[in-house]
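Chemist: Let me begin by handing over the structure; questions about it come next.
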Amino acid sequence: MTTATKTQGNRKDADLAAEIEGLRKDFEALAERFTTISDAGVRSARDYTREKAAAALDKGEGVYSELSARTSELEQQAADQIRRHPLQALGIAAGVGFLAALLTRRR
């Protein structure tokens, strides 16, 4: 091989090394960009989940409050009816007990 051929070969090797280094830097930049994008996506998903969980909790608390109030109201109505008609309430309770006993004996 001549000196010119060796110099040309070294230049090609240097050019190839420079191209590879440029590609490596480009890949690193792309990897960093993807990491940034994925981190932003994870943060967005986490924030969305937190917002939805908070909204569901608020809604659940509202439903629980309504049910609790309605249950208290029904309990008060039942107590009032029992006070007004104690014998009728006793008869209904005895009938329900009798039916429950019949149903459990047949099984």
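The values are calculated or read from the model by the stated rules, or taken from the named source; none is laboratory data. Predicted, not measured: the structure shown is a model, and the values here were computed from it. Here the Cβ is made from the backbone with ideal geometry for all residues, glycine too, and neighbour counts use every protein chain on show.
Chemist: Give Tyr64, Tyr48 a once-over and let me know the one that is at pLDDT 90 or above and among the aromatic types (Phe, Trp, Tyr).
Modeler: Tyr64
Chemist: Residue under question is Arg70, and the condition is that it be among the charged types (D, E, K, R), at pLDDT below 85, in a helix (DSSP H, G or I) and surrounded by 10 or more Cβ atoms within 10 Å (Cβ to Cβ); does it hold?
Modeler: no
Chemist: Is it the case, given these coordinates, that Thr104 is in a helix (DSSP H, G or I), without any contact (Cβ under 8 Å) to a residue 60 or more places away in the chain, surrounded by 10 or more Cβ atoms within 10 Å (Cβ to Cβ) and out of contact with any His (no Cβ under 6 Å at 6 or more places or on another chain)?
Modeler: The answer is no for Thr104.
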